[in-house]
Every structure is written in C-alpha cells, then in structure tokens.
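Have a look at the structure below before the remarks.
The values are calculated or read from the model by the stated rules, or taken from the named source; none is laboratory data. All of these numbers come straight from a predicted model, not from anything done at the bench. All Cβ positions, glycine included, derive from the backbone under ideal geometry; neighbour counts span all protein chains shown.
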Amino acid sequence: MNISMKSSCHRLWLGIGLGVLAILVAIFLLPNASGKAAKERKSAQEAQVGLDRQLRELSEYQTMMDRIQAGRQRIADLEEHMPKGNIGDLQYSLRKTLFKLANESGLRLPSIKYGTPNKDGAKNTGIESIDVEFTVVGVYNNLKTFMLALEGSDQPFGASSVKLDESTEGGRLTVVLRAFRQASDIRSISAEEAS
C-alpha cells in the first residue's frame with residue numbers, strides 16, 4: 001500500500017504541476033495569442049481599407065483617362081472634318097447654314113457680319129478663326145429651336161457670346177460665333193519649318 005500511496009502522491013504532484021503549467025499557459029500565452037490575432041485582424045482590416053481606397057483611385061484614374069482619350073478622339077474628328085477651303089468658302093458655308101436654319105425655325109435673319117481672319121500660326125495650330133456676328137428675330141420658342149439646331153449643325157464654331165433682347169417681332173437674338181478652318185498656308189509653313 002505504501003507503493004500505491006507513493007505513486008498516488010507522485011500522480012497528485014504531477015497533476016498539480018500540470019494544472020499550474022496550464023494556468024501559466026492560460027495567463028501568459030493565451031492573451032499573447034489573442035493579442036496577435038486581434039493585431040492580425042486589425043492589419044487585415046487596414047489592408048482591406050487601403051485596397052478599397054486604391055481601387056477607387058484606380059477607377060477614378062481610369063475614368064479620367066477615358067475622358068482624355070474621348071477628348072483626343074473628338075479633337076481628331078473635329079480636325080479631320082474641319083473645312084480646308086479658303087475663308088470665303090467658310091463664310092459661304094456659314095451663311096448658307098444660318099439662312100437655312102433661320103427659315104426652318106420661322107425666323108428673320110437681318111444681318112451677318114464677318115470679322116477679319118485670325119491666324120494662330122505662331123502657336124503652330126494650323127487653324128484659322130473668324131468671328132461671325134449675326135442677329136435673328138422672331139418668337140422666343142423659334143429662337144430656342146434655332147439655337148438648338150445651330151448647335152447640332154456640323155459647322156466648326158464655338159459660341160463667343162449670345163444676347164437676347166426684346167423687339168417688336170418678339171425677341172432679337174444677337175450671337176457672336178468664332179468659326180474655324182484649317183489654314184493651308186499655315187500647314188505649309190509648319191512643314192517647311194520642320195524640314
């Protein structure tokens with residue numbers, strides 16, 4: 001019985017030692033492991049937030065790049081379809097379009113004035129511009145229809161100013177456009193400079 005008592009005592013001390021070891025492990029190692037897990041979760045969340053931000057920025061850059069590409073394409077299309085004749089041809093084309101749209105809109109077009117051609121040769125653009133001022137008279141809804149049709153026309157221009165006044169016939173719309181064309185003499189000068 002003494003031997004079994006000794007072995008029981010050894011087992012008891014071994015059990016107590018293992019229990020103390022388990023308590024020490026629970027006190028020191030488990031908080032450390034849970035702290036590491038919490039840090040890893042926090043790092044993963046921060047990484048996900050960073051990834052989401054970078055994906056948003058990448059999407060914004062892609063959208064910006066698409067806009068730039070579309071703008072370049074519009075400029076290339078505009079240059080390709082820009083009139084290449086002399087300034088008289090451009091004036092005739094604009095006059096014809098303005099009278100056609102005014103007639104279709106039920107308006108009267110009493111005047112068209114052309115400015116002097118402006119060559120931007122120093123900027124090597126190869127583009128010549130001319131200011132065109134005209135007045136159309138009629139009912140407001142017709143003036144609106146006219147302007148929408150003018151904007152939809154294939155004429156190479158940009159509106160510089162638009163002024164609406166009252167008149168005895170309804171409204172008087174005074175518009176200044178800047179029309180553009182490719183100046184052949186500027187292109188040849190640029191080609192000579194390049195060679």
Looking at the range 147-163, is at least one residue closer than 26 Å to residue 84 by Cα, outside any loop (DSSP other than H, G, I, E, B), charged (D, E, K, R) and more than 27 Å from the chain's Cα centre (by Cα)? no
Does the range 166-180 contain any residue that is basic (Lys, Arg), modelled with pLDDT of 85 or more, in the same structural domain as residue 96 (by TED's automatic domain parsing) and surrounded by 13 or more Cβ atoms within 10 Å (Cβ to Cβ)? yes
Flag if residue 104 is within 22 Å of residue 169 (Cβ to Cβ), surrounded by 12 or more Cβ atoms within 10 Å (Cβ to Cβ) and among the charged types (D, E, K, R): yes
All positions within the range 131-146 that are of a type outside the set (D, E, K, R), surrounded by fewer than 18 Cβ atoms within 10 Å (Cβ to Cβ) and under 29 Å from the mean Cα position of the chain (by Cα): 145
Unique match (being under 33 Å from the mean Cα position of the chain (by Cα), modelled with pLDDT of 80 or more and surrounded by 10 or more Cβ atoms within 10 Å (Cβ to Cβ)) among 67, 41: 67
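Conditions (1) charged (D, E, K, R); (2) assigned by TED's automatic domain parsing to the domain that holds residue 177, marked per residue:
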residue	(1), (2)
64	no, no
71	no, no
75	no, no
95	yes, yes
111	no, yes
140	no, yes
146	no, yes
If I filter the range 9-22 for residues that are closer than 30 Å to residue 181 by Cβ and either in contact with a Phe, Trp or Tyr (Cβ under 6 Å, 6 or more places away or on another chain) or modelled with pLDDT under 80 (or both), do I get at least one hit? no
